[in-house]
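The values are calculated or read from the model by the stated rules, or taken from the named source; none is laboratory data. Worth saying up front: this structure is predicted, and the values here are computed from it rather than measured. So basically every Cβ, Gly included, is an ideal-geometry build from the backbone, and we count neighbours across all protein chains shown.
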Amino acid sequence: MPAAAEPTEEQPLIRAILLDARLGQVTNVSRVEIREIKMLPGHAAGLHVHNGPVVGSIVDGTVTYRIDGQPGSVLHAGDVFFEPEGERIAQFDAGEQGATWLAYFLLAPSQEPAIDLPGQ
């Protein structure tokens, strides 16, 4: 992802799109729950599936992120990610320094965030 431009005296405010997450279906979102999540160095989250869309940003450390069947990437502090509802997240693994990230759970009325761990 290219770096955002820096503000200048002539343009003191810069807005950059970091993520344009396509939900794939109309989602009735009535609230957003934001969690700070910390993971020990080298810990693997394991294959998992969320019951709603999750967007987030890496605060510290690195994470290897991969949706099942797609190429993976290493996310660093400042990078953003999207875990689509119902998609199999094959990897969300902390790097050698561990990782901290903010996760924004988009929730329908009376829905609570849930995670399914296939095969466990």
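Tabulated data for the structure shown
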read-out: Residue list for segment 64-113, filter: among the hydrophobic types (A, V, I, L, M, F, W, C), under 19 Å from Glu33 (Cβ atoms) and either at pLDDT 95 or above or not in a loop (DSSP other than H, G, I, E, B) (or both); value: Val80, Phe81, Phe82, Ile89, Phe92, Trp101, Leu102, Ala103, Phe105, Leu106, Leu107
read-out: Selected residue [closer than 23 Å to Ile17 by Cβ, out of contact with any His (no Cβ under 6 Å at 6 or more places or on another chain) and not basic (Lys, Arg)] from Val49, Val74; value: Val74
read-out: Unmet requirement for Gly52, which otherwise passes all of (1) assigned to a strand (DSSP E or B); (2) in contact with an Asp or Glu (Cβ under 7 Å, 6 or more places away or on another chain); (3) within 17 Å of Leu102 (Cβ to Cβ); value: (1)
read-out: Test: Val32 is among the β-branched types (Val, Ile, Thr), without any contact (Cβ under 8 Å) to a residue 24 or more places away in the chain, under 19 Å from Glu112 (Cα atoms) and loosely packed, with under 11 Cβ neighbours inside 10 Å; value: no
